[in-house]
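Each remark here refers to the structure printed beneath this line.
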Amino acid sequence: MTAFDEERLALLIRALPPAPEGWVRAAQELPTARPGLDEIVARAEADAAFRARLVADLESALEAEGYERDPAVVEALRVRFKAK
């Protein structure tokens, strides 16, 4: 990328509105939630019934299995297991 391209990119990025507060908070919380997220994803990949419950009703499935419903984890799982 040339210096001109980097300057133009910087101008374009500065013109964007700020990210929604919820996105920023989730991005800040996600690194500490990563181990729990990885465990849930691994279990869902290995257990089709659990995966189906996650897709059908994510928050209820997590609660039924005793997982803490951390907002960052819930949002990441919602994106990962959204109904296709």
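General observations
- Filtered residues of the stretch 8-58 (kept if within 18 Å of Arg69 (Cβ to Cβ) and over 17 Å from the mean Cα position of the chain (by Cα)): Phe50, Arg53, Ala56
- Checking the stated criteria, Glu63 turns out not to satisfy the condition of being of a type outside the set (Lys, Arg) and under 14 Å from the mean Cα position of the chain (by Cα).
- Hits in the stretch 49-84 - residues which are on the phi < 0 side of the Ramachandran plot, part of a loop (DSSP other than H, G, I, E, B) and of a type outside the set (Phe, Trp, Tyr): Asp57, Glu65, Glu68, Arg69, Asp70, Lys82, Ala83, Lys84
- All conditions in (1) open to solvent by 60 Å² or more (accessible area, probe 1.4 Å); (2) touching a helix residue (DSSP H, G or I) at 6+ places or on another chain (Cβ under 7 Å); (3) not polar (S, T, N, Q) hold for Pro18, with the sole exception of (2).
- Positions within the stretch 50-75 being crowded, with 17+ Cβ neighbours inside 10 Å, small (Gly, Ala, Ser) and at pLDDT 85 or above, in sequence order: Ala61
- Residue selected from the stretch 23-49 under the condition at pLDDT below 85 and aliphatic (A, V, I, L, M), by the criterion least open to solvent (accessible area, probe 1.4 Å): Ala33
The values are calculated or read from the model by the stated rules, or taken from the named source; none is laboratory data. Remember, predicted model here, so these are calculated numbers, not experimental data. All Cβ positions, glycine included, derive from the backbone under ideal geometry; neighbour counts span all protein chains shown. Just so you know, the surface numbers come from the protein's heavy atoms only, side chains and all, with ligands and any DNA or RNA stripped out. Shrake-Rupley method; radii C 1.70, N 1.55, O 1.52, S 1.80 Å.
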